[in-house]
Structure formats: C-alpha cells, structure tokens
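Working notes for the structure below.
The values are calculated or read from the model by the stated rules, or taken from the named source; none is laboratory data. No experiment lies behind these values; they were computed from the predicted model shown. Here the Cβ positions follow ideal geometry from the backbone for every residue, glycine too, while neighbour counts run over all protein chains shown.
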Amino acid sequence: MHGARRNLTAAWQAKDLGQIREILSELTRDDRLLAAAACGASGEIAVETEEFPAQLACAAQLPRAQTQSGPIREMVTLPTGRVHLTALPLRHDDQMLGVILLIHDLSFLDRREGASQRFLFIAFALLSIAASLLTLLLTRGLWRRWTNTLRAQLQGGEPEADFAPVAADVRALVGQLVRERERGQQEGRWSPQRLRGVLTEHLQGERVLLVANREPYIHNRTASGSVQILHPASGLVTALEPVMRACSGVWIAHGSGSADRETVDAKNRLQVPPNDPAYWLRRVWLSEAEEQGYYYGFANEGLWPLCHLAHNRPEFRDSDFAAYREVNQRFADAVCDEAECEDPIVLVQDYHFALAPAMIRRRLPRATLITFWHIPWPNAERFGICPWHREILSGLLGSSIVGFHTQAHCNNFLEAVDRFLEARLDRENDAVIRQAKATLVRPYPISIAWPNPWATQAPSIAECRASVRAELGLAPDALLGVGVDRIDYTKGIEERLLAVEALLEAHPELVGRFVFVQLGAPSRTVIPRYRTLNDRLLELAERINQRFRRPQYQPIVFARAHHEPPTVFRYYRAAEFCYVSSLHDGMNLVAKEFVAARDDEQGVLLLSQFAGAAQELTNALIVNPYDIRQTCAAMHNALLMPSDLQRERMRSLRALVAEFNVYRWAGRMLLDAARLRERERLNQRLRQRETSEASESSRDALLWAQGPL
Ligand code: F6P
C-alpha cells in the first residue's frame with residue numbers, strides 16, 4: 001500500500017487523473033477491496049471506481065483526515081451490507097492534497113462466521129448421534145440379556161446365581177399383579193364378589209378370623225320376655241359386617257346381650273346374619289369385673305381419651321391393665337382355638353386388643369395378622385403418657401400389618417415405635433423391623449358397603465320426609481337437620497346444639513320452621529364422664545328449647561335411645577342436612593352413611609374438619625365444630641343451598657364413597673397380606689439357605705431385599 005500511496009501522491013501532484021484511476025482500479029482487483037475513490041481537498045470526488053457506493057461522500061471524511069496523520073478506519077452500514085471504510089490522507093510537505101477512500105468488502109467475514117457456526121453445529125450433531133447410538137447399543141445389549149434371563153426364569157427355568165433370590169418371588173408377584181389387574185379390569189368397582197375373589201385367588205380361599213369387642217348382633221331379652229336382635233351403634237360393626245358376609249369365617253366378640261347365652265351352641269357359636277347365615281359369631285363371656293377393668297377401665301377410660309384430642313384426662317389403673325391383659329389373652333386363645341391351619345388370616349380390630357397380636361403370634365407364628373386401629377393414634381409425646389406404652393407397641397408389632405385411617409396416624413405410630421422401642425424403621429416400605437420380623441404400617445381409610453343395603457331397602461324419599469315430619473308433629477314443609485351418634489364427648493354434640501341455638505338467634509325467621517333432631521345412642525354410661533355428658537346434653541337441649549319454644553314447636557328433638565338402622569336411614573333421607581361435629585375422630589362412618597342414604601342427590605353434609613372423613617369428603621361443608629359462628633353460618637348455607645348445587649356436591653360425594661367402599665378397604669388389606677405371605681414363604685426358603693453365622697442385620701436386609709411391597 002505504501003508503493004500505491006507514493007504513486008498516487010505523484011499522480012496527484014501531476015494532476016494526472018487517468019493515472020490515479022488506473023492505480024485505484026489496480027487496487028480494487030484485490031478481492032477484498034470493493035471500491036475506491038479519490039477526493040479533492042475541497043470535498044469533491046475527483047475519481048471513483050465503478051462500484052463506489054453513491055451513499056459515501058468525501059466531505060464527511062475530510063475534516064478528520066485533515067487533523068489526523070494516519071488513516072481513519074471505520075465500519076459503515078450500507079443498504080447492501082456492512083463495509084469497512086479506510087480514509088487515507090495524501091500529503092506533500094505537510095500540505096493536504098486530498099483523501100483516498102478505500103471500501104473493504106466484509107461479507108467474507110460474515111460468510112466465514114456462518115461457515116464456522118454451521119461446522120460447529122454439524123460437528124455437535126454428529127457427536128450427539130454417535131454418543132446416543134453407543135448408549136442405545138449398550139443398553140439394548142444389557143436389557144436383552146437381563147430380560148432373557150428373567151423371562152426364562154419366569155417361565156420356570158433354573159435361576160442363574162445372580163437371580164436366584166428374586167426369581168420365585170418375582171414370578172409370584174408378577175402372577176399376582178397380573179391376576180389383580182385382570183380382576184380389576186373385569187370387575188371394576190370393589191364388591192362382595194371381588195373381595196371373595198381375593199381370598200380364593202390370593203389366599204387359598206382361607207376363611208377369616210375376626211376379633212372385635214363389639215358383636216354384630218346382640219340378643220336381648222325384652223320386658224315382655226321375647227328376644228330382640230339389636231344392630232349396635234358402632235362404626236366398626238357398620239364396616240366389618242358386610243366384609244364378613246362376603247368373606248365368611250368367624251367373628252369372635254364379647255357376648256354382651258342379656259339373651260346372648262341362650263342363643264349359642266355348645267361351643268358358644270351361632271350362625272349370622274340370623275335370616276341369611278354367612279359366617280359364625282363366637283361369643284366370649286366376660287365377668288363383670290373383667291368388663292369393668294378391660295372395657296370400661298383400660299380401653300375406654302385410658303386408651304380412648306389418650307387417643308382422642310377431646311380434653312378428657314385419661315385414667316390409668318394397674319388393675320384395669322391387668323384385666324385388659326387377661327381378656328386379650330382370652331380372645332387370643334379363642335382365635336387359636338378357631339384356627340384350622342398353621343397360618344390363618346386373622347383380623348384384629350381396634351384399641352380393645354392391642355396386646356392380642358403378639359399373644360396370637362406366640363402360638364401361631366405363621367399366622368397373617370392384620371390389625372386395624374379404628375381411632376386416631378396420638379403423637380409420641382402424648383402416647384408416652386400411658387404407663388404401658390411399650391407393652392402396647394410390642395403387642396401391636398406382633399401383627400403382620402397395622403392399619404390406620406390416615407397417614408398422619410401411621411406417622412404418629414412409627415414415631416412412637418422409634419422413640420420407645422429397639423426397632424428399625426424401614427421408611428421406604430413403611431415397615432417396622434423388629435427381631436427379624438417385619439410389620440407393615442399402612443393407611444386404609446375405612447368405609448361402608450356400597451350399594452348400601454339399608455339405603456336400598458329404605459322407603460322413598462317422599463315417604464321418609466312425610467313419615468318423619470308426621471312423627472315429630474311438624475308441618476310438611478318444616479326444615480330438618482339431623483345428627484346421629486353414640487353419646488360420646490368426642491362427637492361434639494354440645495357444640496352442635498350451641499350452633500343450633502346461634503342459628504335461631506341469628507335467623508329468627510327459622511324459629512317455628514327449623515328443627516334439629518339428635519339421634520343419640522347411650523353408650524358406656526357406666527363411666528362417670530359419659531353420665532355427666534348425658535346430663536349436660538339433656539340440660540342444654542332443654543335450655544335451648546325453653547328459649548325458642550312456641551305452641552306445638554320445640555327446636556331440638558333429643559332422641560336419646562338406641563335406633564335401629566332403618567330408623568336412622570329414614571331420618572337421613574328426610575333431612576335438609578346432617579351435621580357430623582366430631583372434635584376428633586378416626587373416620588366417622590355417619591358421614592358416609594348419610595351420603596349413601598341420599599340417592600336423590602339432595603341434602604347437605606356438614607362435616608367437622610377433625611373427622612378422618614373430612615380428608616376424603618371434601619365436597620361436604622367442612623367446619624371447625626369449636627367455631628360456633630362458622631358452624632351456624634354453614635347450617636344457614638345448607639338450608640338455603642339451591643337444589644342444583646346440592647346435587648353437584650352430593651353427586652361427587654356419592655361417587656367417591658361408591659368407589660372407595662368397604663370392600664376396597666378390606667380388599668387392599670388382604671392383597672397386602674397376600675403379598676406379605678408370598679414374601680414370608682420366600683424368606684423362609686432364604687433363611688433355610690442362609691448360613692447359621694448370618695447376622696440379624698443381614699437377615700433384615702434379606703427380608704426386604706426384594707424391593708418395596
Ligand atoms: O371408633 C371406634 C369404635 O370402635 C367404633 O367403631 C365404635 O363406634 C366405637 O368405637 C366403639 O363403641 P363401643 O364401645 O360401643 O363398642
């Protein structure tokens with residue numbers, strides 16, 4: 001460029017424009033130089049090559065070129081793209097002759113950048129494809145080898161060493177899962193038949209042994225001398241009776257009726273239901289002292305208030321616990337008497353029998369013991385109040401499965417085990433491992449039979465509405481709320497009546513039109529706390545009635561008596577709303593029964609947030625029963641709720657209870673038990689093979705080595 005500059009200066013001095021053009025043309029032969037021009041000292045273009053862009057003027061460059069000795073370089077954007085401009089001042093003896101403008105083509109830079117990007121992209125793409133292919137080939141190879149081996153073994157081949165411990169188990173589990181799925185697909189919703197099928201398919205058609213304090217049928221001698229059969233007011237009975245009808249077997253219970261002894265055979269048994277026998281009821285007799293210590297004392301003055309957050313102080317007495325232990329042993333012995341094989345399926349029910357599982361296990365080590373705790377389980381700190389907390393936990397851990405209504409109760413139980421016993425918690429499987437024995441701890445929310453026989457046998461809604469109103473001496477258009485409970489301080493009956501009072505106070509237009517009927521079955525009245533509760537409720541109802549009474553009208557009907565299911569269902573079907581106000585409750589099946597009763601898809605369920613049922617029945621009006629103002633507003637809402645909104649809520653509640661019915665509850669527990677039995681069989685084989693020096697912990701590991709249940 002120096003040579004060209006010298007020549008240009010000489011040609012400029014000689015004013016030889018032809019020579020200048022020639023030099024510029026020569027320069028633009030270089031690929032990267034697009035165009036050039038020579039500008040005179042006054043800013044005009046003296047010479048330009050063909051490609052020189054019209055948009056570039058000399059005048060813009062001259063002032064800077066005059067002050068600068070060296071070339072000026074800058075990027076210029078033209079409509080055709082970016083170019084690089086060099087303004088080269090021509091001087092002679094410090095005198096400015098003119099400026100040479102050189103336009104460099106930068107498109108090659110863009111081209112080179114684009115080419116580099118394309119190259120990088122293609123290189124990465126090729127690399128990724130190569131890596132993926134390699135991974136795919138490796139995975140396919142490994143997968144094929146693994147599945148071939150497994151398939152061979154599932155088809156009954158000899159297991160390879162690696163697979164030996166799992167092959168039989170996998171085979172059994174796969175078979176079981178396939179059968180379960182097929183059954184599920186064929187049969188859809190859980191039903192008595194499907195539950196029965198679980199027993200036949202997965203549990204060798206075993207009959208079930210059930211232990212529960214309360215019997216499903218109570219024979220009482222009436223004042224007239226006849227024998228009357230009662231269906232007790234008990235959520236446990238409501239749930240378990242249809243299960244036993246479906247499964248068949250033996251229900252072992254306390255014979256508490258005044259005519260119970262007269263109706264059993266020599267082995268203290270009778271077949272029930274009385275008019276359609278499906279299973280056996282075996283009655284265990286308790287002396288008054290035993291009943292006092294075991295049932296009223298330890299179970300209902302100790303464990304019941306311990307497990308319910310209802311502000312009642314638990315009472316623990318040595319003599320009660322001694323009776324509790326003795327009676328548990330009596331029932332455990334009755335189970336062992338009834339067992340027809342070494343590994344029967346035993347369902348142990350509720351807080352009356354916390355010690356029985358370990359007692360049964362001692363005599364029948366291979367039994368499958370499913371224990372269900374129907375009430376809440378408190379947190380570990382509270383549970384520790386019980387002086388025999390370790391015995392209770394150890395007794396329950398004799399079970400193969402311990403079930404609760406909710407995960408929160410399972411967690412509380414696991415926390416208590418962790419705090420008070422030497423045991424390992426297997427969080428992944430929700431199990432407790434103790435002395436090489438696993439107990440699963442699982443939530444199984446209990447439910448009712450669906451379709452519900454009491455609902456299907458009930459008179460039409462119109463008949464129920466008319467007969468109930470006539471019975472109560474009310475106008476046909478009177479508005480009705482209903483509550484159905486055992487009279488228990490956990491049920492929040494006082495709070496319920498106070499909410500009715502608040503409703504009438506806030507809405508005087510309802511006085512004379514609205515009536516609340518409390519069907520209350522007296523319960524545990526031997527216990528002073530229950531007697532006081534009864535008295536207080538009567539007083540409260542009376543006070544409110546006094547306050548709002550009119551001729552032919554009182555707002556609260558407190559029907560304190562045992563009511564048979566047909567009556568209860570008539571009231572459910574006649575009411576505008578049903579209020580379940582538990583202060584704390586495991587589940588509460590009244591809520592689900594009300595839903596089952598309303599096949600007209602009308603009626604509103606008001607449900608305490610402290611009942612386990614509130615976790616499932618979220619389309620109820622959920623209330624805090626302690627909050628009287630809130631409950632009163634919810635009652636008012638229920639009475640005013642438009643029919644289509646009632647239908648929408650009730651329809652979804654009914655769909656839920658229909659699907660999650662009691663056959664599903666029992667079926668899921670039995671299926672878990674069946675899987676457990678498969679595992680136990682496998683573990684037995686493993687233990688046989690295991691060398692005698694194997695440690696406890698490696699046995700634990702083997703127990704669960706097959707993965708989660
Ligand atoms: O809530 C647990 C439960 O067993 C219910 O099933 C039943 O309503 C109640 O406790 C027990 O009542 P009872 O003491 O009359 O058998």
Inset, instruction - Could you tell me which numbered condition Trp373 fails, if it satisfies all but one of (1) without any contact (Cβ under 8 Å) to a residue 40 or more places away in the chain; (2) closer than 15 Å to Val441 by Cβ? - result: (1)
Inset, instruction - Determine whether region 355-368 contains at least one residue that is on the phi < 0 side of the Ramachandran plot, touching a residue at least 24 places away in the same chain (Cβ under 8 Å), in a strand (DSSP E or B) and β-branched (Val, Ile, Thr). - result: yes
Legend entry - Residue list for region 482-516, restricted to those being of a type in the set (D, E, K, R) and touching a strand residue (DSSP E or B) at 6+ places or on another chain (Cβ under 8 Å): Asp485, Arg486, Lys491, Arg496, Arg513
Inset, instruction - For Leu583, indicate whether it is in a loop (DSSP other than H, G, I, E, B), on the phi < 0 side of the Ramachandran plot and within 16 Å of the ligand (Cβ to nearest atom). - result: yes
Legend entry - Of all residues in region 282-339 being in contact with a strand residue (DSSP E or B) (Cβ under 7 Å, 6 or more places away or on another chain) and in a loop (DSSP other than H, G, I, E, B), the one that is farthest from the ligand (Cβ to nearest atom): Ala339
Inset, instruction - Please work out which residue is farthest from the ligand (Cβ to nearest atom), limiting yourself to region 340-354 and to residues that are on the phi < 0 side of the Ramachandran plot and not hydrophobic (A, V, I, L, M, F, W, C). - result: Glu342
Inset, instruction - Give the residues of region 371-407 that are within 16 Å of the ligand (Cβ to nearest atom) and farther than 26 Å from Ser319 by Cα, sorted by residue number. - result: Val402, Gly403, Phe404, His405, Thr406
Inset, instruction - Return the total of residues in region 203-248 being within 16 Å of the ligand (Cβ to nearest atom) and either more than 30 Å from Arg681 (Cα to Cα) or outside any strand (DSSP E or B) (or both). - result: 23
Legend entry - The listed residue being touching a residue at least 12 places away in the same chain (Cβ under 8 Å) and more than 21 Å from Gln349 (Cα to Cα), out of Leu425, Leu414, Leu421: Leu421
Legend entry - Matching option when the condition is over 18 Å from Val284 (Cα atoms), at pLDDT 95 or above and among the aliphatic types (A, V, I, L, M), among Val166, Val243: Val243
Inset, instruction - Could you please let me know if Val568 is assigned by TED's automatic domain parsing to the domain that holds Glu505, part of a helix (DSSP H, G or I), within 16 Å of the ligand (Cβ to nearest atom) and in contact with a Gly (Cβ under 9 Å, 6 or more places away or on another chain)? - result: no
Inset, instruction - Report yes if some residue within region 252-265 is surrounded by fewer than 22 Cβ atoms within 10 Å (Cβ to Cβ), among the basic types (Lys, Arg) and touching a Phe, Trp or Tyr at 6+ places or on another chain (Cβ under 9 Å); otherwise report no. - result: yes
Inset, instruction - Could you please give the count of residues in region 575-586 that are of a type in the set (A, V, I, L, M) and surrounded by 24 or more Cβ atoms within 10 Å (Cβ to Cβ)? - result: 2
Inset, instruction - Within region 249-263, track down each residue that is in contact with a Leu (Cβ under 8 Å, 6 or more places away or on another chain), more than 16 Å from the ligand (Cβ to nearest atom) and of a type in the set (Gly, Ala, Ser). - result: Gly249
Legend entry - Search result, residues across region 634-646 that are in contact (Cβ under 8 Å) with a residue 40 or more places away in the chain and surrounded by 15 or more Cβ atoms within 10 Å (Cβ to Cβ): Met635, His636, Ala638, Leu639, Gln646
Legend entry - Conditions (1) within 16 Å of the ligand (Cβ to nearest atom); (2) in a helix (DSSP H, G or I); number of the one not met by Leu497: (1)
Legend entry - Search result, residues across region 587-616 that are part of a helix (DSSP H, G or I), of a type in the set (A, V, I, L, M) and crowded, with 24+ Cβ neighbours inside 10 Å: Leu589, Val590, Ala591, Val595, Ala596, Ala597, Ala613
Inset, instruction - Considering every residue within region 520-536, establish whether at least one is closer than 23 Å to Arg598 by Cβ and touching a Lys or Arg at 6+ places or on another chain (Cβ under 9 Å). - result: yes
